[in-house]
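Peer 1: Please find one structure pasted underneath; my questions will follow.
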Amino acid sequence: MKFRGIQIGHLAERTGLAVSAIRFYEDQGLVSPDRGPGGQRQFQKADIRRLSFVMIAQKLGFSIAEIRDQLSTLPKGRTPTAADWRRLSTLYRSDLNQRIAALERLRDDLDGCIGCGCLSLDKCRLYNPGDRAARKGSGPRYLLGDRPEEDAAENR
């Protein structure tokens, strides 16, 4: 018996994605449907999980290219197992932990510093005299992970 997959409308209904979004993800190589009689797309049931993973990864801030790279580690020609998905999630764990730490720094420091390290000229003289943070590079150095204590230690 020939494989009969899920039609794009049913996949859209199951994932909550618009048909146009599914076509976009197909164009991006995130799903690869077979073609049925008359050229209709025939998706696998596993594509429901793939597209759900794509939606979650995008909400976490991962790019389409990053998601495509990760999905390419899943087996071709068979439905990924729970072990396959666990392996994939471990690839994201380190990056997610770094993002969580950055968000926690942002949450904890945003009311007191942004940009070079703070918005207060009084505090800048204390925490970032002479704009030492600029030597670390452009952008909000302290919110990106550099610490004022490191700048002070370098100047001792």
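Peer 1: Return the residues of region 17-36 that are at pLDDT 95 or above and loosely packed, with under 11 Cβ neighbours inside 10 Å; say none if nothing qualifies.
Peer 2: Selection gives 18, 20, 27.
Peer 1: Considering only region 47-70, how many residues are touching a residue at least 40 places away in the same chain (Cβ under 8 Å) and of a type in the set (A, V, I, L, M, F, W, C)? Write out each step before concluding.
Peer 2: Narrowing region 47-70 to residues touching a residue at least 40 places away in the same chain (Cβ under 8 Å): 47-48, 51, 55, 68.
Checking which are of a type in the set (A, V, I, L, M, F, W, C) leaves us with 48, 51, 55.
Residues in region 47-70 being touching a residue at least 40 places away in the same chain (Cβ under 8 Å) and of a type in the set (A, V, I, L, M, F, W, C): 3 in total.
Peer 1: Based on this model, can you work out whether residue 64 counts as hydrophobic (A, V, I, L, M, F, W, C) and either surrounded by fewer than 18 Cβ atoms within 10 Å (Cβ to Cβ) or at pLDDT below 90 (or both)?
Peer 2: Yes: the conditions hold for residue 64.
Peer 1: Restricting attention to region 53-75, report how many residues are closer than 11 Å to residue 25 by Cβ and touching a Pro at 6+ places or on another chain (Cβ under 7 Å).
Peer 2: 0
Peer 1: Which residues, counting only those in region 4-31, are within 12 Å of residue 45 (Cβ to Cβ) and among the hydroxyl-bearing types (Ser, Thr, Tyr)?
Peer 2: 15
Peer 1: Scan region 52-84 for residues that are over 16 Å from the mean Cα position of the chain (by Cα) and of a type outside the set (Ser, Thr, Tyr) and report the count.
Peer 2: Qualifying residue count for the region: 9.
Peer 1: Considering (1) within 22 Å of the chain's Cα centre (by Cα); (2) surrounded by 16 or more Cβ atoms within 10 Å (Cβ to Cβ); (3) at pLDDT 90 or above; (4) not in a helix (DSSP H, G or I), say which one residue 42 fails and leave the rest.
Peer 2: Checking residue 42 against (1) within 22 Å of the chain's Cα centre (by Cα); (2) surrounded by 16 or more Cβ atoms within 10 Å (Cβ to Cβ); (3) at pLDDT 90 or above; (4) not in a helix (DSSP H, G or I), the one that fails is (1).
The values are calculated or read from the model by the stated rules, or taken from the named source; none is laboratory data. What you see is a predicted model, and the numbers here were worked out from it, not measured in a lab. Every residue, glycine as well, gets a Cβ built from its backbone with ideal geometry; the counts of neighbours run over all protein chains shown.
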